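For reference, the structure is listed below as structure tokens.
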Amino acid sequence: MDMQLSKLIRRKIVVLGPKLLDSGDKNQAKLETVTLVGVEPSGIWIESEEAANRIADRFRVKPATPSAFFIPFAQIVTILASNDATDAAETGTVVTETAA
């Protein structure tokens, strides 16, 4: 089956990559359940209420939702997403895209 990230826009995916603006170990990857909102040649745009809240807490501001975040492919270990259109937001199958 041909998997393309651009076909998963507006669906929930799980990204193993950097924990967005967390005060913990910057080198430790973390699983984040996010909504894919865009794909560019160098990375993906995601929405995450959890990440928006972490940023708001860190800078003591009111969270702006929805907030989009860009993650370069170089910082992403893997992306888990459904390859079944009927339950794309519910289950996970491995989809891997890397930057050159």
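Quick notes on this one:
- For region 41-65, residues that are more than 16 Å from residue 11 (Cα to Cα) and β-branched (Val, Ile, Thr) total 3.
- Pairs meeting the criteria (first residue in region 53-79 and in contact (Cβ under 8 Å) with a residue 60 or more places away in the chain, second residue assigned to a helix (DSSP H, G or I), beta carbons under 9 Å, at least 6 apart or on different chains) are 79/5; 79/8.
- Of residues in region 57-100 being assigned to a helix (DSSP H, G or I) and modelled with pLDDT of 80 or more, the one surrounded by the most Cβ atoms within 10 Å (Cβ to Cβ): 73
The values are calculated or read from the model by the stated rules, or taken from the named source; none is laboratory data. These numbers come from a predicted model, not from an experiment. All Cβ positions, glycine included, derive from the backbone under ideal geometry; neighbour counts span all protein chains shown.
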